[in-house]
1. For region 241-266 and region 139-169, write down the distance between their C-alpha centroids in whole Å.
2. Considering just Cα atoms, how many Å³ per residue does the convex hull of the chain enclose?
3. Explain nothing, just the number: relative contact order of region 214-316, from Cα pairs under 8 Å at least 6 residues apart, as a whole percent.
4. Averaged per residue, what accessible area in Å² does region 158-289 show with a 1.4 Å probe, protein chains only?
5. List the lysines whose alpha-carbon lies under 27 Å from that of Lys190, not counting same-chain residues fewer than 8 positions away?
6. Once the Cβ-Cβ distance between Asp42 and Glu208 is put in as r, and R0 is 41 Å, what FRET efficiency do you end up with, to the nearest 0.05?
7. Taking the Cα atoms of region 239-316, report the difference between the largest and smallest coordinate on each principal axis, in whole Å and largest first.
8. Gaussian network model of the chain, Cα springs within a sub-10 Å range: biggest mean-square fluctuation belongs to which of Tyr256, Tyr292, Tyr188?
Amino acid sequence: MNTGSTPSGAVDTAAVKTYLQGLQARIVAGLEALDGTPFLTDAWQRPEGGGGISRVLEEGGVFERAGVLFSHVTGDKLPPSASAHRQGLAGRAFEAMGVSLVLHPRNPYVPTVHLNVRCFVAAARPEAAQGTPDAEPAWWFGGGMDLTPYYGFEKDAVRFHSVCRQALEPFGPELHPRFKKWCDEYFYLKHRGEPRGVGGIFYDDFSELGFERSFAMTRSVGDAFLDAYGPIVERRKDMPYGERERDFQAYRRGRYVEFNLVFDRGTLFGLQSGGRTESILCSMPPVVKWRYAWTPEPGSPEAALYTDFLRARDWV
C-alpha cells in the first residue's frame, strides 16, 4: 500500500480545500438549473475539529432528494475505517476533506448517481526520528463516480463511462480500465451477489503521480461530473411513468441503502470520526421498500435491468 509520504511543503491542503468548495458551488448551480429549485445551505461545526457545508434539496422538480456535501474534518487519531489497511498510520492525527454527493431523482427513468472526491493527510509523528517514514506526513486522494439506473439505457451508460474515461486520459491510458474495474468490484453487494449499478470509476489511497498530478487528476474527475450526468437527466426527466415504475424504483433503492450502511467506506468514516449524522445519512433515498424473495417477471423491463445492466461490461 502506497501511503504517499512526501515532504510537508508539498502537501497543499489549502489549495485542495479551495478547489473542493468551488466544486460544490459549481455542481449545486448546475443542479439548480436542471431542477428549478434552490438548495438549502446548512453550515456546521464539528466539536472535535473542522466542519462543513451541506447543500440539500428535497422534493424538487427533478430530484426527490439531492445532497452535495463539503466537509473538512481534523482529529487526533485516525478512525478504524481509515487506518485498517494502513496499520503503520494508526494513532496519527489526521485531516480529511472532500465533496460527496448523492442524487435521487423522482422519475424512475433517471438514474441515481454518486460522486466523491477527497483528500486525506495523516500527520507526521512528532516523536519520530528524522528520516524515518513516520517523520513525514502521509497523504492520498480518493474518489470517483458511479451510476445506478432503475431502468437501463445503453446510451446513458455509454455516455457516463465515456466522460469518465476522458477525465482520466491525460494522466495515463492505464487508469480508466484500472479504476473502472475497481469501481465494479467496490460497488458490489456481496450478500446479494450483484453490483449496485452500472459502475463508473473508483480509486482510493492514490498518490502514485505525486501530489500535484494526483490532485490534478482528482480535479479532472470532479470537473467531469456535470458533463457525465447532466445530459442523462435532460434525456429522461420528462419520460412518463406510473406506479409500477415507482414501486420498482423504491425496491431497488433498498440495495442502495444496504450498500451505504454495510460497505461504504465514506459512510463508515463519517460515523466513526464523529461526523454530522444528518449530513452523512442524507445520501439515503427518501422512499424505499423491501420485499421478501421477490424477482421480476421474465422478459419485463424490470428483468432487463438484471440481465443487461447489473453485470460488469466494457461500455466504451
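The values are calculated or read from the model by the stated rules, or taken from the named source; none is laboratory data. Keep in mind it's a predicted model, so treat the numbers as computed, not measured. Cβ coordinates were reconstructed from backbone atoms using ideal geometry, including for glycine residues, and neighbour counts include every protein chain displayed. Just the protein is used for accessible areas: all its heavy atoms, side chains included, with ligands, DNA and RNA removed. Shrake-Rupley method; radii C 1.70, N 1.55, O 1.52, S 1.80 Å.
1. 19 Å
2. Per residue, the Cα convex hull of the chain comes to 125 Å³.
3. Values: 35 pairs, mean separation 25.9, N = 103.
Rounded, it is 25 percent for region 214-316.
4. On the way: 5450 Å² over 132 residues.
Solvent-accessible surface per residue comes out at 41 Å².
5. Once the sequence-local lysines are set aside, what remains near Lys190 is Lys180, Lys181, Lys289.
6. Numbers: r = 36 Å, r/R0 = 0.88.
The computed FRET efficiency comes out at 0.70.
7. Principal extents (largest minus smallest coordinate, Cα): 46, 32, 29 Å.
8. Comparing Tyr256, Tyr292, Tyr188 in the GNM, the peak value goes to Tyr292.
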